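Below: the structure, in structure tokens.
No lab work stands behind these numbers, since they all come straight from the coordinates. These figures come from a predicted structure and were not determined experimentally. Here Cβ is always computed from backbone atoms with ideal geometry, including for glycine, and neighbour counts include all displayed protein chains.
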Amino acid sequence: MYPSLISLAVVAYICAMGLALAYLVQRQDLVHRLAVLATLAGWAAHTVSLIVHAVERAAPPLGSLPDAIWVGVWVIVLLQLLLEHRTGVRVLGAFVLPIVVLLSLKATTTGRPGMLAPALASAWIWIHIALAVIGIAAFVFNFVGGIMYLLQERQLKTKRPGAFYYRLPALATLDRLTFRTLALGFPFLTVGLMLGALWARTAWGSAFTFDPLAFFSLVAWVIYAGTLAGRAAGGWHGRRAAYFAIAGFAALVLTLGAGLFLPGRHGS
Amino acid sequence: MPLFVAGLNHKNAPVALREQLAVEEDKLRELLLDLQAGDVLREVVVLSTCNRVEVYGLAEAPGEARAAAFRHLCRHRGVELAAVEPLLYTHLDAEAVRHAFRVAASLDSMMLGEPQILGQVKEAFALAQACQTIGPHLHPLFSHAFNVAKRVRTETEIARHAVSVSFAAVELAKKIFAGLAGRAVLLLGAGKMSELAARHLVEQGAFPIYVANRTWARAQDLARALAGTAVPWDELATALAAVDIVVTSTGAPEPVVTRDMVTRVMHGRRGRSLFFIDIAVPRDVEPGVDALDDVYRYDIDDLKQVVDANLRERAREAQRAEALVEREVGKFLARQGDVEIIPTIVSLRGRLEEIRVGEVKRTLARLPEASPETRAAIEALSSAIVNKILHAPITKLRASSRAGGGRSWGDLVHELFGLGRRA
């Protein structure tokens with residue numbers, strides 16, 4: 001039952017992505033409604049799959065990096081549904097769902113070695129993973145907001161309205177989206193990283209032993225911290241903030257890549 | 001009896017002729033009643049706008065009806081029928097339905113998606129209703145057309161993007177600032193165009209409005225008209241720092257807003273965007289400001305370019321609207337087809353049933369010993385034969401009627417089975 005639930009969720013996400021992209025091109029209300037329905041269906045199956053997993057293992061479904069990514073996707077889809085509803089930016093799905101599909105495929109096709117080593121299992125480690133996952137999910141929207149901002153800004157600066165001029169929301173709306181998602185993700189990432197470092201000191205005696213995943217996540221954190229400081233103190237916004245959102249996300253992608261492909265404490 | 005529409009529009013008739021033929025309401029009333037009184041037209045609606053003159057009706061001989069209608073019209077307006085005749089188009093049945101839907105949905109308009117035509121069609125319909133020239137055929141046609149028009153407006157973006165320079169500027173402002181409520185506007189110069197743009201911005205909630213002009217009195221006048229504040233000309237830089245949108249239309253030969261000025265102003269704005277709508281020729285804002293972050297400058301040519309893009313966007317949306325119209329034409333014909341062909345099907349069934357009952361009765365009279373089972377079997381057998389025979393023709397009748405050709409098939413069936421004259 002468990003693997004078929006996962007497949008169901010992934011297939012629903014793929015359908016939702018196709019529909020969301022079709023909506024970007026066609027802008028038919030019906031297509032948008034179907035995309036939302038497919039997303040909801042995928043998310044429901046996804047939720048059940050996580051519950052079943054947790055009950056089977058009697059532990060949070062965060063035992064390996066692919067498992068954590070699968071939970072991350074769940075948070076991203078939840079945020080997608082909420083943000084689209086609240087901001088009224090209906091093309092959001094067309095940008096977010098491709099990322100959702102990529103991450104889902106990665107998470108569900110990579111072997112899942114399952115549980116943390118018993119020596120590692122503790123409440124703190126679960127919280128560390130959960131907070132980092134929520135933070136990263138928020139930064140997906142920070143990234144997407146930045147991309148959309150740059151596209152719309154290009155349209156307005158070149159004065160040749162094309163497809164994106166009509167489809168994307170106002171610059172002010174997009175800038176607010178990137179700022180709010182940054183403000184949301186940053187505390188989660190910060191506390192998540194701190195817990196990780198504290199845990200590393202208890203488990204391995206040193207907080208700063210080199211680990212590829214930890215290294216890149218620290219890079220991402222520095223980028224995000226810089227953007228936030230720039231926003232607060234220097235009035236950074238718009239294009240500059242969008243560039244930083246993309247840079248930060250690139251660092252996060254490297255973080256996940258390092259965790260999945262390089263040996264280290266986070267790998268299996 | 002076929003549904004038809006005959007007329008001329010902006011595509012084939014020159015404006016001189018269209019304005020000659022345009023009819024005011026009193027005359028229209030007279031025309032409707034005259035046409036109704038004659039014997040060529042059953043139901044009739046006349047649509048007369050500055051871009052089209054069309055007669056919708058129901059007539060046994062559409063050619064005659066068209067000639068009669070336009071003969072009347074030309075006589076009313078003192079135009080030679082010969083000048084009009086070659087320009088007229090006629091659409092029948094499905095084509096007429098499609099035409100009515102496209103006209104109401106503004107797909108046949110000179111400016112795609114313009115909103116006036118629907119109101120004009122509604123008026124023409126209301127007038128015909130008042131004159132009692134509308135019956136069971138045109139009524140459903142027009143109410144369906146109003147529905148289609150409404151769906152096209154809400155489900156496509158055919159009427160959404162601005163086709164005038166001043167509205168295009170307002171839309172651009174919305175793409176930069178999201179809502180315009182509480183956005184401050186500065187008017188430089190006091191042209192009619194900039195006043196119009198300012199009024200559109202105010203309608204969207206822009207506030208407060210500042211007006212600067214080299215002539216102080218003129219600035220005060222315009223400020224009063226827009227419920228704004230006049231600003232002395234030499235405080236331009238201060239005003240620039242405080243506002244979000246600047247509309248310029250001075251007659252100055254040199255730019256009044258320079259790149260240096262804007263660079264300095266942007267420093268203190270902490271990233272608040274500044275939008276220049278430069279309607280003046282020669283331009284009032286140095287094009288060099290384009291290179292500055294968060295500064296957006298559209299001159300009159302840029303705005304025209306946006307309007308052109310909007311028109312292309314409308315044309316793209318029109319294709320979606322056409323598909324919607326096509327589906328609705330199908331639905332309408334299916335409904336009409338059923339309405340039209342059902343009497344034929346009923347009488348055909350009735351005729352065969354009559355024959356069946358008669359023959360069964362005769363047969364059973366000759367078989368007094370037949371058991372109830374045998375009688376039931378004979379009944380069932382005869383019913384089955386009748387139903388089997390009827391199946392194909394009824395399917396065919398329904399299908400051809402939905403496709404718009406029900407009339408001739410219906411007539412044929414009436415002829416073949418001796419069902420009497422059709423209603």
When you count, for each residue, the other Cβ atoms within 10 Å and take the mean per peptide, how do B:359-370, B:97-108, B:6-17 rank with the highest first?
B:97-108, B:6-17, B:359-370
Quick query: amide H of B:Val246 versus all other amide H atoms, modeled in the peptide plane; which residues come in under 5 Å with a sequence gap of 5 or more or a different chain?
B:Leu186, B:Phe275, B:Phe276, B:Ile277
Neighbour net charge for B:Pro368 - beta-carbon separation under 14 angstrom, K R +1, D E -1
+3
Under the definition of partner shielding as Cβ atoms of other protein chains within 10 Å of a residue Cβ, what is the mean value for peptide A:167-176?
4
The range A:89-199: Rg/Rh from Cα coordinates, Kirkwood Rh?
1.12
Report the GluC sites (Glu not before Pro) located in the range B:56-117 that are in a DSSP loop and have at most 15 other Cβ atoms inside 10 Å of their Cβ, or state none.
B:Glu60, B:Glu80
By the scheme Lys and Arg +1, Asp and Glu -1, what is the net charge of all other residues having a beta-carbon under 13 Å from that of B:Leu381?
0
Using only the Cα atoms of chain B, what are the Rg and Dmax in Å?
33.2, 120
Can you tell me the relative contact order of the range A:2-54? Whole percent, Cα pairs under 8 Å, sequence separation 6 or more.
51
Taking a quarter of the surface of the convex hull around the Cα atoms of the range B:158-262, what do you get in nm²?
6.9
Counting partner chain Cβ atoms within 10 Å of every residue's Cβ in A:160-166, what's the average?
6
When only Cα pairs under 8 Å and 6 or more residues apart are kept, what is the percent relative contact order across chain A?
18
Simple label model, 7 Å out from Cα along Cβ direction - B:Asp234 to B:Ala82, nm:
7.6
Kindly provide the helix-only [θ] at 222 nm of chain A, computed as the sum of -39,500 (n - 2.57) over DSSP H runs of four or more divided by all residues, to the nearest 500 deg cm²/dmol?
-28500 deg cm²/dmol
Quick one: if the Förster radius is 30 Å, what FRET efficiency do B:Leu381 and B:Asp338 give, using the C-beta to C-beta distance and rounding to 0.05?
0.45
Based on Cα coordinates alone, diagonalise the gyration tensor for the protein assembly as shown, multiply each eigenvalue by 5, take square roots, and list the semi-axes in whole Å, largest first.
63, 47, 15
Across all directions of projection, what mean area in square nanometres is found for the Cα convex hull of the range A:19-77?
4.3
Can you compute the helix-only [θ] at 222 nm over chain B? Use -39500 (n - 2.57) per DSSP H run of at least 4 residues, normalise by all residues, nearest 500 deg cm²/dmol.
-19500 deg cm²/dmol
Taking 7 Å along the Cα-to-C-beta vector as the label spot, tell me the B:Lys388-B:Arg71 distance in nanometres, rounded to one decimal.
5.6
Project the alpha carbons of chain A onto their principal axes and report the range along each, largest first, in whole Å.
59, 49, 28
Under a cut-off of 19 Å between alpha-carbon atoms, report the aspartates and glutamates in cross-link reach of A:Lys106, not counting same-chain residues fewer than 8 places apart.
A:Asp67
Could you size up the charge dipole of the range B:296-423 around its Cα centre, putting +1 on the beta carbon of Lys and Arg and -1 on that of Asp and Glu, and report it in debye to the nearest 20?
480
What per residue convex hull volume, in Å³, comes out for the range B:87-193 when only alpha-carbon positions are used?
177
Radius ratio Rg over Rh of the range B:281-423, counting only Cα atoms, Kirkwood formula for Rh
1.56
Go through B:379-386, A:63-70, A:126-133 and give me the packing order, highest mean Cβ count within 10 Å leading.
A:63-70, A:126-133, B:379-386
How far, in degrees from 0 to 90, does helix A:212-234 lean away from the longest principal axis of the Cα atoms of chain A, to the nearest 10?
40
How big is D, in µm² s⁻¹, for the range B:1-115 by Stokes-Einstein at 37 °C and 0.692 mPa s if Rh is the Kirkwood radius over C-alpha pairs?
232
Obtain the nm distance between the two label points defined at B:Tyr89 and B:Ser143 by a simple spin-label model: each point lies 7 Å from its Cα along the Cα-to-C-beta direction.
2.8
In whole Hz and in residue order, list the ³J(HN,Hα) couplings for the range B:37-45 that follow from phi through the Karplus curve 6.51 cos²θ - 1.76 cosθ + 1.60, θ = phi - 60°; x for Gly and Pro.
5, x, 10, 8, 10, 8, 10, 8, 10
Of the cross-linked pairs B:Lys175/B:Lys331; A:Lys157/B:Lys192; A:Lys159/B:Lys150, which ones have a Cα-Cα span greater than 30 Å in the structure shown?
B:Lys175/B:Lys331; A:Lys159/B:Lys150
Net charge (Lys, Arg +1; Asp, Glu -1) of residues whose beta-carbon lies under 14 Å from that of A:Leu182, A:Leu182 excluded, is +3
Restricting to aspartates and glutamates and to Cα separations under 16 Å from B:Lys361, and discarding same-chain partners fewer than 8 apart, the set is B:Glu353, B:Glu369, B:Glu373, B:Glu379
